[in-house]
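The values are calculated or read from the model by the stated rules, or taken from the named source; none is laboratory data. Computed from a predicted structure; not experimentally measured. Every residue, glycine among them, receives a Cβ derived from its backbone with ideal geometry; neighbour counts consider all protein chains shown.
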Amino acid sequence: MLVFIFCIMLMIHQTANASHMLGADLSYSHLSGTTYKVKYTLYRDCNGIPAPSNMNLKVQSITCTHTSFYSLELDPGSGNEISNLCEGMTSICDGGNAIGVQVWNYSAEVDVPFACTDWNFSVTDCCRSTAITTISNPAASNIYLHAFLNNTLGENSLGEFKEYAKTRLYVGQEQSLNSSVDDKDGDSLVYCLAVPETGEGQFVNFLAPYHANKPLGAEMNINKMTGEISIIPTHILNGVFSVLVKDYRNGVLIGSVSRDVQVAVTTTSNSMPGLSGINGQNTRSIMACKFSLLSFDILTHDQDIEQQLSVSWDTDLPDARITKTNSLKPIITVSWLPVNLTKKEFFLTVRVRDNACPFNAESSETYIINVSDLEVQLKSIAPLCEGESSGSIQAIVMGGIQPYSYQWSEINSTDSRLVKISDGNYSVQVSDGNQCSAGAEVNLKSIYKKPLLNLQSHINGCFGKSLLLEAGSNDYSYKWSDNSTAATLEVQESGIYSIEVTNDKGCLNKGQISVNFENCNDKDSKYANSKNLTLYPNPASDNATLLLPGSYDEGYSISLMDPGGRLIETFEGGKSETTELSLNLSNIKPGVYFLLIHSGSEVQSLKFCKQ
């Protein structure tokens, strides 16, 4: 069977001796300034004439009335064989009998001196193989490839095709051909099938029933985003097809490159190896979430269970970790953490190859990894006054897919909007239909401060004496619980007194004070009066005199305390025999206080009122 298949392949190619061409690619990349590198890749049938030593390149802009010619010279190391022969087989390329295909690379540095919308790089090569059965008069048809550049929007690079063209397909099996292009500029690429050209504005003439969408007799489907072509050939033939790759930047066409390929369709008893979708499913795209680890597997398979499969890949996923298992049918595992990205769409192309003879069969798949563009911003309205619950925050979601869900951290709310909120830090997590999440936070700070209220919570007074309650500055508006509007209130009765203070911005502050009048001569207070201690006058004003019983050998110190035991002030003591000590009480407010005299381990106390 293998000998029969091999003979069929020889018959398909044996009439091609007059030609060396099985196809070609044309691409370009920007080097610096006005200099570009144009690359021409030639696929040579080793059963044809030798590859040329150089190729002619035409560079032209009609709008800028500029035409120049360059010689595309052979790159060092050109002429590598890509026949996919199994181990031990030798092709015609190396003096054997098996069909062989080589890749020859040519390049030239060219000058693009002006900013023009219609630069065209073109190469014409004669001629197509007489073995082609899908077009009329193939021997008289050139291969014409061109690449387009619009450099009015800046430099552009449309690099090489990532994979060499396939020149062999098999009847009755679904196969894929990868025509993706390396684009380092992050532009939007669109892939499409095109009619192979023979010259500028001239095209091959397909024989019925072949045409641009069925150049090989069966429907060819090309993924416009990835360049992946799928086809199930139906019969033996030798045909041609072309791929055009268009490059868009901000919706404007700025470039294109092309590929023209001759393909031999034959029969085989070998089953094509294949690749699963993501995690063994049919889908070949997946959504990734920013800052969340993405992990998935790709399985390999082959109906020829005894064959060893090998895999390779290329990707633009930055810092991705891709591994494979060492088994007959390897499993590829991809792990990736999307951070610090400049785009949201990435590609992974995986190739799988068997070890069948005489030719290894190879398939490829391209997987799309989209990174969620979910973002959330907070639009806030701060409260007018400090302490008011008049603020609001609206979560504005961009990107992702609905439905969206919201969770606020400071308030147990799942709404997109918070209302009637006060100053503080607020944060929200938004999740979308892809189970991706994004967060935002804001510090809500009132526009105006509330007025300062200098009012104690509690004060004591002595029967028969009034207390003056002071709320603060006269710059504010006041309203006491008795409807008086002064900054101070004189009281003589125990009770709770409340006040509202308003500043010139309309901001309000509220407070209250508990007033308790008592007999200042009572001895059931926290600190009982010590004998021989006298303060006069009592009630005291801003100045008072403390009479001590005599000198203190160990010295003494004096503490001023409120009824709750809080230290208000200390007065200097000493060892002097002075029995009178002047106290300045101007800094304390009216109320009941205690003086504590400390000497060694002894403590004496005296209760008095400040009016």
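Is there a residue in the range 53-61 that is outside any strand (DSSP E or B), farther than 21 Å from E163 by Cα and outside the structural domain of V352 (by TED's automatic domain parsing)? I'd like the intermediate steps shown before the answer.
Within the range 53-61, the first condition is being outside any strand (DSSP E or B), and the residues that meet it are 53.
Pick out the ones that are also farther than 21 Å from E163 by Cα and you get 53.
Narrowing further to those that are outside the structural domain of V352 (by TED's automatic domain parsing): 53.
Looking for residues that are outside any strand (DSSP E or B), farther than 21 Å from E163 by Cα and outside the structural domain of V352 (by TED's automatic domain parsing), one finds at least one in the range 53-61, hence yes.
Taking the condition closer than 27 Å to A165 by Cα, at pLDDT 95 or above, outside the structural domain of T167 (by TED's automatic domain parsing) and assigned to a strand (DSSP E or B), does V397 pass?
Numbers: closer than 27 Å to A165 by Cα: no; at pLDDT 95 or above: yes; outside the structural domain of T167 (by TED's automatic domain parsing): yes; assigned to a strand (DSSP E or B): yes.
No: the conditions fail for V397.
Is there a residue being free of Cβ contacts under 8 Å to residues at least 24 places away in the same chain, on the phi > 0 side of the Ramachandran plot and assigned by TED's automatic domain parsing to the domain that holds S180 anywhere in the range 241-261? Yes; the residues of the range 241-261 include at least one that is free of Cβ contacts under 8 Å to residues at least 24 places away in the same chain, on the phi > 0 side of the Ramachandran plot and assigned by TED's automatic domain parsing to the domain that holds S180. Picking from residues in the range 453-480 that are assigned to a strand (DSSP E or B) and under 12 Å from N516 (Cα atoms), the one that is nearest to the chain's Cα centre (by Cα) is H458. Of all residues in the range 199-216, those satisfying the criterion of being in contact with a strand residue (DSSP E or B) (Cβ under 7 Å, 6 or more places away or on another chain), without any contact (Cβ under 8 Å) to a residue 40 or more places away in the chain and within 29 Å of K58 (Cβ to Cβ) are F203, A212.
Restricting the range 60-90 to residues that are under 14 Å from Y43 (Cβ atoms) and among the hydroxyl-bearing types (S, T, Y), the residue that is surrounded by the fewest Cβ atoms within 10 Å (Cβ to Cβ) is S78.
Restricted to the range 191-212, and to residues there that are assigned to a strand (DSSP E or B) and surrounded by fewer than 16 Cβ atoms within 10 Å (Cβ to Cβ), the residue that is nearest to the chain's Cα centre (by Cα) is C192. Only one of these conditions is not met by I393: (1) of a type outside the set (F, W, Y); (2) closer than 30 Å to S409 by Cα; (3) in contact with a Cys (Cβ under 7 Å, 6 or more places away or on another chain). Which number is it? Only one criterion is unmet by I393, namely (3).
Using beta carbons and a limit of 8 Å, which pairs, at least six apart or on different chains, have the first residue in the range 433-461 and modelled with pLDDT of 80 or more and the second one assigned to a loop (DSSP other than H, G, I, E, B) and β-branched (V, I, T)? From residues that are modelled with pLDDT of 80 or more, the pairs are G433/I401; N434/I401.
Does any residue of the range 344-366 turn out to be aromatic (F, W, Y), touching a strand residue (DSSP E or B) at 6+ places or on another chain (Cβ under 7 Å) and at pLDDT 95 or above?
The first filter runs over the range 344-366 and keeps only residues aromatic (F, W, Y), leaving 346-347, 359.
Pick out the ones that are also touching a strand residue (DSSP E or B) at 6+ places or on another chain (Cβ under 7 Å) and you get 346-347, 359.
Imposing the further condition that a residue be at pLDDT 95 or above reduces the set to none.
No; the residues of the range 344-366 include none that is aromatic (F, W, Y), touching a strand residue (DSSP E or B) at 6+ places or on another chain (Cβ under 7 Å) and at pLDDT 95 or above.
Answer yes if at least one residue in the range 274-295 is in contact (Cβ under 8 Å) with a residue 60 or more places away in the chain, part of a strand (DSSP E or B) and more than 30 Å from E375 (Cα to Cα), and no otherwise. The answer is yes, given that some residue of the range 274-295 is in contact (Cβ under 8 Å) with a residue 60 or more places away in the chain, part of a strand (DSSP E or B) and more than 30 Å from E375 (Cα to Cα). Scanning the range 1-46 for residues that are at pLDDT below 95 and in a loop (DSSP other than H, G, I, E, B) yields M1, N17, A18, S19, H20, C46. When residues in the range 357-394 are screened for being within 30 Å of Q308 (Cα to Cα) and either in a loop (DSSP other than H, G, I, E, B) or not hydroxyl-bearing (S, T, Y) (or both), 9 of them pass.
The set of residues from the range 438-452 being assigned to a loop (DSSP other than H, G, I, E, B) and surrounded by fewer than 17 Cβ atoms within 10 Å (Cβ to Cβ) comprises K445, I447, K449, L452.
Being over 30 Å from I322 (Cβ atoms) and without any contact (Cβ under 8 Å) to a residue 60 or more places away in the chain is the filter here; which residues of the range 367-398 pass it?
Taking the range 367-398 first, the residues over 30 Å from I322 (Cβ atoms) are 376-398.
Hits for the range 367-398 are K379, I381, S389, S390, G391, S392, I393, Q394, A395, I396, V397, M398.
From the list L309, L294, L328, L275, exactly one residue is surrounded by fewer than 17 Cβ atoms within 10 Å (Cβ to Cβ), aliphatic (A, V, I, L, M) and at pLDDT 95 or above. Which is it?
Values: L309 fails: surrounded by fewer than 17 Cβ atoms within 10 Å (Cβ to Cβ); L294 fails: surrounded by fewer than 17 Cβ atoms within 10 Å (Cβ to Cβ); L275 fails: surrounded by fewer than 17 Cβ atoms within 10 Å (Cβ to Cβ).
Criteria check complete, one pass: L328.
Applying the condition of being surrounded by fewer than 17 Cβ atoms within 10 Å (Cβ to Cβ) and of a type in the set (D, E, K, R) to the range 555-588 and asking which residue is modelled with the highest pLDDT yields E569.
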